[in-house]
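Student: Just dropping this structure here.
The values are calculated or read from the model by the stated rules, or taken from the named source; none is laboratory data. Fair warning: this is a prediction, and the values are worked out from it, not measured in the lab. In this analysis, Cβ positions are derived from the backbone assuming ideal geometry, glycine residues included, and neighbour counts consider all displayed protein chains.
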Ligand SMILES: Nc1ncnc2c1ncn2[C@@H]1O[C@H](COP(=O)(O)OP(=O)(O)OP(=O)(O)O)[C@@H](O)[C@H]1O
Ligand SMILES: [Mg+2]
């Protein structure tokens with residue numbers, strides 16, 4: 001099983017949108033068995049997929065260890081796509097750890113992923129991280145094989161990439177098997193500024209920048225959130241959906257999970 005963590009402590013850069021669309025594409029187009037882990041107490045991935053974020057989600061796992069995983073994960077309406085949900089209890093857990101009431105366990109998720117791998121339960125796991133380095137985000141980085149960093153094309157995101165990478169590098173120094181596969185430009189729109197940002201990242205980014213950029217389709221993406229679907233399911237031929245399919249192909253090729261020419 002390959003585990004991807006979608007990480008950037010900058011908010012609103014497309015982490016959740018990337019998680020949902022990549023998961024949907026891998027399950028439906030590539031027929032992979034996919035587990036999405038919602039590591040954000042905002043619970044956006046969980047609510048889009050209609051998975052309850054109450055007792056028994058990621059917060060439970062981070063407190064009590066792996067347990068019996070079929071009881072923890074929720075099936076979705078999409079064949080092959082499961083989710084380990086999160087909700088406010090994950091935020092409560094963070095507060096307890098920060099206030100010293102509870103000893104944080106940075107390796108609980110890694111243990112869970114190891115169990116899933118040993119049981120051959122899924123082909124791919126994708127972890128949607130929150131916009132800050134919470135307990136769940138540190139667990140995600142420690143558990144991941146590969147990190148993908150979505151980024152917007154504003155100056156703060158583009159020029160801040162080196163800092164984001166440096167911080168992730170510090171965290172993954174305790175988990176040498178975790179690699180950063182690359183940064184993914186999201187919410188791109190044809191303009192001098194967006195082109196300049198992509199050029200800047202291709203020259204200056206300390207990590208690989210994916211060839212595919214994800215265009216902006218504000219209305220389609222917004223509608224898909226109300227429809228509780230990935231954009232690729234809601235509007236398969238809009239620009240965002242086409243771009244995420246292209247990104248999935250590029251990522252799977254880069255990771256050696258498919259060969260050149262396969263769709
Ligand atoms: N390609 C796109 N085109 C148009 N809108 C988009 C696109 N990608 C994401 N959005 C919108 O931008 C907003 C932020 O996206 P998203 O929630 O995926 O970011 P995030 O990094 O997960 O945010 P957070 O840091 O709060 O978790 C959402 O309203 C989403 O619908
Ligand atoms: Mg999010």
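Student: Restricted to the range 33-50, and to residues that are away from ligand 1 (no atom under 13 Å from the Cβ) and within 27 Å of residue 216 (Cα to Cα), which residue is surrounded by the fewest Cβ atoms within 10 Å (Cβ to Cβ)? Give the derivation first.
Tutor: Within the range 33-50, the first condition is being away from ligand 1 (no atom under 13 Å from the Cβ), and the residues that meet it are 33-35, 37, 49-50.
From what's left, within 27 Å of residue 216 (Cα to Cα): 34-35, 37, 49-50.
On the way: 34: 24, 35: 25, 37: 31, 49: 24, 50: 13.
Among residues in the range 33-50 that are away from ligand 1 (no atom under 13 Å from the Cβ) and within 27 Å of residue 216 (Cα to Cα), the one surrounded by the fewest Cβ atoms within 10 Å (Cβ to Cβ) is 50.
Student: Collect the residues in the range 153-192 that are under 23 Å from residue 134 (Cβ atoms) and out of contact with any strand residue (DSSP E or B) (no Cβ under 9 Å at 6 or more places or on another chain), keeping them in residue-number order.
Tutor: Selection gives 156, 162, 163, 166, 167, 170, 171, 173, 174, 175, 176, 177.
Student: Then there is this: All but one of (1) under 28 Å from residue 229 (Cβ atoms); (2) away from ligand 1 (no atom under 16 Å from the Cβ); (3) out of contact with any helix residue (DSSP H, G or I) (no Cβ under 6 Å at 6 or more places or on another chain); (4) assigned to a loop (DSSP other than H, G, I, E, B) hold for residue 120; which doesn't?
Tutor: (1)
Student: Give the residue, chosen from 95, 20, that is free of Cβ contacts under 8 Å to residues at least 12 places away in the same chain and part of a helix (DSSP H, G or I).
Tutor: Values: 20 fails: free of Cβ contacts under 8 Å to residues at least 12 places away in the same chain.
One residue alone meets the criteria, 95.
Student: If you scan the range 124-134, which residues turn out to be outside any loop (DSSP other than H, G, I, E, B) and either without any contact (Cβ under 8 Å) to a residue 40 or more places away in the chain or within 12 Å of ligand 2 (Cβ to nearest atom) (or both)? Walk me through it before giving the result.
Tutor: Kept after step one, since they are outside any loop (DSSP other than H, G, I, E, B), are these residues of the range 124-134: 124-128.
Selection gives 127, 128.
Student: Further, regarding this structure: Please enumerate the residues belonging to the range 237-260 that are surrounded by 14 or more Cβ atoms within 10 Å (Cβ to Cβ) and farther than 17 Å from residue 148 by Cα. Explain how you work it out, then say what you get.
Tutor: Taking the range 237-260 as the starting set, the residues that turn out to be surrounded by 14 or more Cβ atoms within 10 Å (Cβ to Cβ) are 238-255, 257-258.
Of everything in the range 237-260, those that are surrounded by 14 or more Cβ atoms within 10 Å (Cβ to Cβ) and farther than 17 Å from residue 148 by Cα turn out to be 238, 239, 240, 241, 242, 258.
Student: In this structure, does residue 201 turn out to be modelled with pLDDT of 95 or more and over 19 Å from the mean Cα position of the chain (by Cα)? Break it down stepwise before answering.
Tutor: Values: modelled with pLDDT of 95 or more: yes; over 19 Å from the mean Cα position of the chain (by Cα): yes.
Yes: the conditions hold for residue 201.
Student: Continuing with this model, one more query. So, in the range 123-139, of the ones that are within 16 Å of ligand 1 (Cβ to nearest atom) and closer than 20 Å to residue 82 by Cα, which residue ends up surrounded by the fewest Cβ atoms within 10 Å (Cβ to Cβ)?
Tutor: So the residue we want is 137.
Student: From 25, 6, grab the single residue that is more than 16 Å from ligand 2 (Cβ to nearest atom) and closer than 18 Å to residue 122 by Cβ. Even if it seems obvious, please write down each step before you answer.
Tutor: Details: 6 fails: more than 16 Å from ligand 2 (Cβ to nearest atom).
Just a single option satisfies the conditions, and that option is 25.
Student: Oh, and also: Here's a check for you: in the range 227-256, which residue that is within 16 Å of ligand 2 (Cβ to nearest atom) and assigned to a helix (DSSP H, G or I) is farthest from residue 184 (Cα to Cα)?
Tutor: Only one residue tops the list, namely 231.
Student: May I pose another question? Applying the selection to the range 140-168, what residues are surrounded by 20 or more Cβ atoms within 10 Å (Cβ to Cβ) and within 13 Å of the chain's Cα centre (by Cα)?
Tutor: Selection gives 140, 141, 143, 144, 147, 148, 149, 150, 151.
Student: Then there's this: In the range 9-22, how many are in contact with a strand residue (DSSP E or B) (Cβ under 7 Å, 6 or more places away or on another chain) and either over 30 Å from residue 159 (Cβ atoms) or within 11 Å of ligand 2 (Cβ to nearest atom) (or both)? I'd like the intermediate steps shown before the answer.
Tutor: Looking only at the range 9-22, we keep the residues that are in contact with a strand residue (DSSP E or B) (Cβ under 7 Å, 6 or more places away or on another chain), and these are 13-16, 18-19, 22.
When the remaining residues are screened for being either over 30 Å from residue 159 (Cβ atoms) or within 11 Å of ligand 2 (Cβ to nearest atom) (or both), the result is 13-16, 18-19.
Result for the range 9-22: 6.
Student: May I pose another question? Can you name the residue in the range 174-219 that is touching a helix residue (DSSP H, G or I) at 6+ places or on another chain (Cβ under 6 Å) and in a helix (DSSP H, G or I) and, of all such residues, is surrounded by the most Cβ atoms within 10 Å (Cβ to Cβ)?
Tutor: 197
Student: Sort out which residues of the range 135-148 are in contact (Cβ under 8 Å) with a residue 60 or more places away in the chain, touching a helix residue (DSSP H, G or I) at 6+ places or on another chain (Cβ under 7 Å) and farther than 21 Å from residue 123 by Cα, and write them in order of number.
Tutor: 135, 136
Student: Answer with yes or no whether residue 27 is within 15 Å of ligand 1 (Cβ to nearest atom) and either within 30 Å of residue 159 (Cα to Cα) or out of contact with any helix residue (DSSP H, G or I) (no Cβ under 6 Å at 6 or more places or on another chain) (or both).
Tutor: Working: within 15 Å of ligand 1 (Cβ to nearest atom): no; either within 30 Å of residue 159 (Cα to Cα) or out of contact with any helix residue (DSSP H, G or I) (no Cβ under 6 Å at 6 or more places or on another chain) (or both): yes.
Considered against the rule, which asks whether it is within 15 Å of ligand 1 (Cβ to nearest atom) and either within 30 Å of residue 159 (Cα to Cα) or out of contact with any helix residue (DSSP H, G or I) (no Cβ under 6 Å at 6 or more places or on another chain) (or both), residue 27 comes out as no.
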